[in-house]
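The values are calculated or read from the model by the stated rules, or taken from the named source; none is laboratory data. What you see is a predicted model, and the numbers here were worked out from it, not measured in a lab. Here Cβ is always computed from backbone atoms with ideal geometry, including for glycine, and neighbour counts include all displayed protein chains. We work out accessible area using only protein heavy atoms, side chains counted, and drop any ligands, DNA or RNA first. Shrake-Rupley method; radii C 1.70, N 1.55, O 1.52, S 1.80 Å.
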Amino acid sequence: MQATSPHPVDLFATVLEATGGKVERISDPRQVAHAIAKVAQGQGVREILYEPTEIAKHMNLKLLLAAHGIDLVPVATAGDKAAQLRVSLTGAEFGIAETGTVVLGGQPGGWGLASILPWVHVVLLPAAAIVADLPTAFEAFETRLSSGDRDWVWITGPSRTADIGHTLVMGAHGPNALHVVVVG
Amino acid sequence: MSGAGGSRDLAAEIKAAVGDQNLKGALFHAVSSVNERRRQAIARFPGYERARDAARRIKEAAIADLPALIERFTESVQRQGGRVYRAEDGEEACRMITAIAKDSGARRITKSKSMTSEEIHLNGALEAAGIHVRETDLGEYILQLANDRPSHIVAPIIHMSLDDVRRVFRDNLGMEDVSEEPAELTQLARQKLRADFLAADLGITGANFLLADTGTVVIVENEGNVRMTTQVPPVHVVIAGIEKLLPRAADLLPFLELLPRSATGQLLTSYLSFISGPGWEASPMTGGAARSFHVVLLDNGRMAMRDDELLREALYCIRCGACMTVCPPYQVVGGHVYGGPTYHSGIGAAWEAGVRGLDTAAGFNDLCTTCSRCQDVCPVHIDIPWMNTVIRERIAQRRRRPRGLIERLVYDRVLPTREEGSVSLSRRLFSDPARVYVLSRRRPWSRFMRLGPARAALSRLAGLSAARPLPSPSSETLSAWYRRRGGRVVTTPHEAQRVSNDRRGSTVFLFSDCHTEHVDTDVGKAAVSCLEKCGLGVVLVAGQCCGRAALSQGMLRTASGQAKELQELLAPAVKTGHAVVGIEPSCVSAVVDDHAKLLPGSDAAEVAAGTREVLEFLHARLSGEGGTTNEGGATGEGDATNEGENPAWIPAADGASTPVVLHGHCQQKTLGWLPAAVELLGSIPGVEVRVTSTECCGMAGSFGYKSDYYPISAELGRRLMLELDELAAAAHQAGGVARTCEYLACGTSCRAQIADIGACQARHPVELIDERLSVLSPI
Ligand code: SF4
């Protein structure tokens, strides 16, 4: 271990960006809403496929986004729309700095669809949930898996393929962009 | 389509593949880049060896405990509302999955990549039942359109160029104008497949790992098609081999560290799915249909593999594909030629032997050159070359016929063998290099063999390539030279014992392998000289083959016999505390690696520990890191010679710097001796070392002599020459002035290949070292 190993949040950002993701660190709820609104506006949409999460409720994001003219559509009630919406918003349980990974899930839920259907996936990740390395993260993860939280996805960057012409292309079947807002 | 075992015309397939510029271009580009990414990822992972050892241990325990794990996994999944099925064979698995589909009223299935489903021809079975199956991994989708099959377990269309893919789109999607941009083609496929995903009423995936204690299926992927397949339709069916089971969730960590790095050079893939049951009941995508989760556990020969001491190791495979991308013959011809119906390259023979039988493995097992590059990269330490050697022997045993008349009258006299039954001239020739060298030194044989018609007849009878020059033995053997010079040569166990007991102080026993003894005597002389300059007395052990050549022909009986005899010559030296040193890397590797496997329960492990490759030995000696002999040995007179002494190098003749390009021998790399050689050369003042990254020169002992395989060998040789010449050009440029750059190679095959294909001379590094090393201490 180097004496000056970078702060986990910084390392997380560096590694995730190297895998093609984007990271912003924001603590003010208003700024968080602004960042999410910007993503939606960039895609030219006013509705976001949404899996309710503690941190979003806590920040009152629904109201703050409404001020930007943006509506959060919960997956459970999205109906056929779920497959049409271009942007989604979910939370995450862990971040792993060493690998640039966000870990979603625990119990089965709308996060499963929200993290794969849209073109852009926005993740709200509490800074405190970022763990420095894979072994430490895995230990925490394994404890939850073994105690009954059995459905998860680990996401490291956007969906990708290099099948055609051996050239790396983002946005194979899932999101073309992964945008992580580190909160706090 | 090939893969029908005995009916394959491998030689014709090889010719066609080597002639296919498109395949060569696509494949070579792809394997080179993934190999480079893997190398970098592993170089940056300090825990690599720890993870490898842990993964290996976990796999061994898991396979040992397999029946109990199946029970535990079944209970765990059922507790969570899923169902587990056990299929004896492929047919039963197909029947079960078809029944699940029918019971749930499924008509359209999306499916992610699963080699296990390829193994059992699942798509055919479902289609036959009137159910539409869509492969959704991009590569698999393209193969499905083209009615082709995967040539790699991780990158199924690694054999296809961009133009190949464009052609498939044009011909099968009714498109006139197909983009040349991979990104646009990917988007096109995404749209087509999106429609399939949303319409599917059942999803099928494979599994990378099954966690018995939590009943969890773990799937590793990059595209997101596994996510779509498992999240959208209401029914999820997993088809997985029983070998995918791990006891506990906690066991998964080393596999997560290894699999992405070994497969694609990633830290983690884009998606890792953990699925333990039917999933989210409130999903808006299922149209109110109840969700269900089914896992079909497939045996299909795996339990029998588990009971087979040799094939059991294949069950530890985590299907990373690294052994394929580093495999030299695979790099040239791809998995359709070097592979069976489902599994390819090195580990493919064991898998095909296990799930389909020896006859299928026999169709391609011979393409393994036992170069061992795969063993080096396998994240779970599978000894693939050894498996292929034993499979080769099993195939020969199975096809054994009695010896014919000509064999008894002629072959048995000229080239006797210890094998039972008929042994072809080719196998006799290639398993006994010493005898071939002796014969070709002896006139009139030597003259006769070089005559056109005789050579042609030999080529036909023994499958020798006419394009390959025969090696020329030197007029005097190394041991004859050494004796003439007054040196001590031992050829019998009795002599070995006596000399070992008599020698005091610093003595090394230099083992004169067949090639050094008969052909590369200059290399042997240089080695003797270097050792002597280091103040060591040299005893030459000569006249006994290590068995490596017989081993490569799958002739285990012969190889074991030879190994035993060589062990009798080397063991006394090792047991009395003398070091054994060898020159030809494959022969040294036979002593340090293969003998213990050939002679279980013998002293071979002790001899292995006391045996060193010459450059590695000299490096240790000259850098003062040991390499002395007789330290506290049985004779008790270990003297501390030159510990820490700086080697005195003689300046180059013209004082100029000497650029060299070194091509490491395969076993030298696998056994970790190359870095020492590079460091040793680099420590010579003025010597600038560049090292090739080409895995193998392509000669691989007998491989390059065989007419059927010559095209592969020559192609690999050309690639090596390209790299050597590139590195030499870089050396010239770096020097500013024209400097001659020397090629160095440690293997006799490597040097012969460089001479035959590149028309260049390469020396063994020890020859350069001998030129520049001054006498350090008199003996
Ligand atoms: S044998 Fe080893 S290297 Fe080859 S695919 Fe299996 S795990 Fe990977």
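From the backbone phi of segment B:509-518, what are the Karplus-calculated ³J(HN,Hα) couplings (6.51 cos²θ - 1.76 cosθ + 1.60, θ = phi - 60°) in whole Hz, Gly and Pro given as x?
With coefficients 6.51, -1.76 and 1.60, one gets 9, 8, 8, 8, 5, 4, 6, 5, 4, 10 Hz.
Which value, in Å² and to the nearest 10, is the accessible area of A:GLU47 when all protein chains are kept and the probe is 1.4 Å?
About 60 Å², ignoring ligands and nucleic acids.
Helix-only estimate, please: 222 nm mean residue ellipticity of the protein assembly as shown, summing -39500 (n - 2.57) across DSSP H runs of length 4 or more and dividing by its residues, to the nearest 500.
Helix contribution divided over all residues of the protein assembly as shown: -13000 deg cm²/dmol.
State to the nearest 20 debye the size of the charge dipole of segment B:59-300 about its Cα centre, where the only charges are +1 on K and R beta carbons and -1 on D and E beta carbons.
The calculation lands at about 680 debye.
Return, ordered by residue number, the residues of segment B:121-152 whose backbone nitrogen is under 14 Å from a label point located 7 Å along Cα→Cβ of B:ASP20.
B:143, B:146-152
Once the Cβ-Cβ distance between B:GLU75 and B:GLU309 is put in as r, and R0 is 30 Å, what FRET efficiency do you end up with, to the nearest 0.05? Provide the component values of the computation, followed by the final result.
Values: r = 30 Å, r/R0 = 1.01.
Once the sixth-power term is evaluated, E becomes 0.50.
For segment B:274-287, in order, what is each residue's ³J(HN,Hα) by Karplus, 6.51 cos²θ - 1.76 cosθ + 1.60 with θ = phi - 60°, in whole Hz (x at glycine and Pro)?
So the Karplus estimates, Gly and Pro as x, are 10, 10, 10, x, x, x, 7, 5, 7, 4, x, 8, 8, x Hz.
Could you tell me how far the Cα centroid of segment B:29-89 sits from the Cα centroid of segment B:338-367, in Å?
21 Å
Please give the average number of partner chain Cβ atoms lying within 10 Å of the Cβ of each residue in B:179-190, rounded to a whole number.
That works out to 5 on average.
Given the Cα-Cα distance of A:THR143 and A:LYS57 and 0.36 nm per residue of separation, how much length would full extension add, in nm?
28.3 nm
Rounded, prolate or oblate: which fits chain A, taking a ≥ b ≥ c as square roots of the Cα gyration tensor eigenvalues, rounded meaning a/c under 1.5, else prolate when a/b beats b/c?
rounded
Could you please state, rounded to a whole Å, how far the C-alpha centre of segment B:281-297 is from the C-alpha centre of segment B:551-569?
59 Å
How much solvent-accessible surface does B:ILE754 expose, in Å² to the nearest 10, with a 1.4 Å probe and all protein chains in place?
Around 0 Å² of this residue is reachable by solvent.
Amide H to amide H under 5 Å from B:GLY624: which residues, 5+ apart in sequence or cross-chain, H placed 1.01 Å off N in plane?
Distant-sequence amide H within range of B:GLY624: B:GLY644.
Give me the three principal axis extents of segment B:478-772 from the C-alpha atoms, as integers in angstrom, largest value leading.
55, 49, 33
Is segment B:663-732 best put as rounded, prolate or oblate by its Cα gyration tensor, with a ≥ b ≥ c the root eigenvalues, rounded for a/c under 1.5, and otherwise prolate when a/b is larger than b/c, oblate when not?
Oblate, since a/c reaches 1.5 and b/c is not below a/b.
With θ set to phi - 60° and the Karplus curve 6.51 cos²θ - 1.76 cosθ + 1.60, what are the ³J(HN,Hα) couplings of segment B:50-57 in order, to the nearest whole Hz, using x for Gly and Pro?
4, 5, 4, 5, 5, 4, 4, 4
Around B:ILE382, with a cut-off of 12 angstrom between Cβ atoms, what is the net charge of the other residues, counting Lys and Arg +1 and Asp and Glu -1?
Cβ neighbours under 12 Å give a net charge of +1.
Accessible area, 1.4 Å probe, largest first: how do B:GLU584, B:GLU127 sort?
B:GLU127, B:GLU584
So how much accessible area does B:CYS378 have, in Å² to the nearest 10, using a 1.4 Å probe?
Rounded to the nearest 10, that gives 10 Å².
Roughly how many Å is it from the Cα centre of segment A:162-179 to that of segment A:57-114, as a whole number?
The distance from the Cα centre of segment A:162-179 to that of segment A:57-114 comes to 21 Å.
Counting other Cβ atoms within 10 Å, keep those with at most 10, restrict to DSSP loop, and tell me which trypsin sites (Lys or Arg not before Pro) in segment B:482-549 are left.
B:ARG485
Label segment B:326-405 by shape, choosing from rounded, prolate and oblate, from the square roots a ≥ b ≥ c of the eigenvalues of the Cα gyration tensor; if a/c is under 1.5 it is rounded, and otherwise prolate applies when a/b is larger than b/c, oblate when it is not.
prolate
When you look at the Cβ of every residue in B:271-283, what mean number of other chain Cβ atoms sits within 10 Å? Mind showing how you got there, number by number?
On the way: counts 11, 7, 6, 10, 7, 7, 3, 2, 4, 10, 1, 7, 8.
Mean shielding by partner chains, rounded to a whole number: 6.
Could you grab the relative contact order for segment B:59-300? Cα pairs under 8 Å, six or more apart, rounded to a whole percent.
Result for segment B:59-300 is 29 percent.
Of the listed pairs B:LYS111/B:LYS192; B:LYS113/B:LYS244; B:LYS15/B:LYS669; B:LYS564/B:LYS597; A:LYS38/A:LYS62; B:LYS575/B:LYS669, which have alpha-carbon separations greater than 18 Å here?
B:LYS15/B:LYS669; B:LYS575/B:LYS669
What FRET efficiency do you get for A:ALA127 and A:LYS38 if R0 is 30 Å and r is their Cβ-Cβ distance, rounded to the nearest 0.05?
Values: r = 20 Å, r/R0 = 0.67.
Plugging the Cβ-Cβ distance into 1/(1 + (r/R0)^6) gives 0.90.
Per residue of B:194-205, count partner chain C-beta atoms within 10 Å of its C-beta, then hand back the mean as an integer.
1
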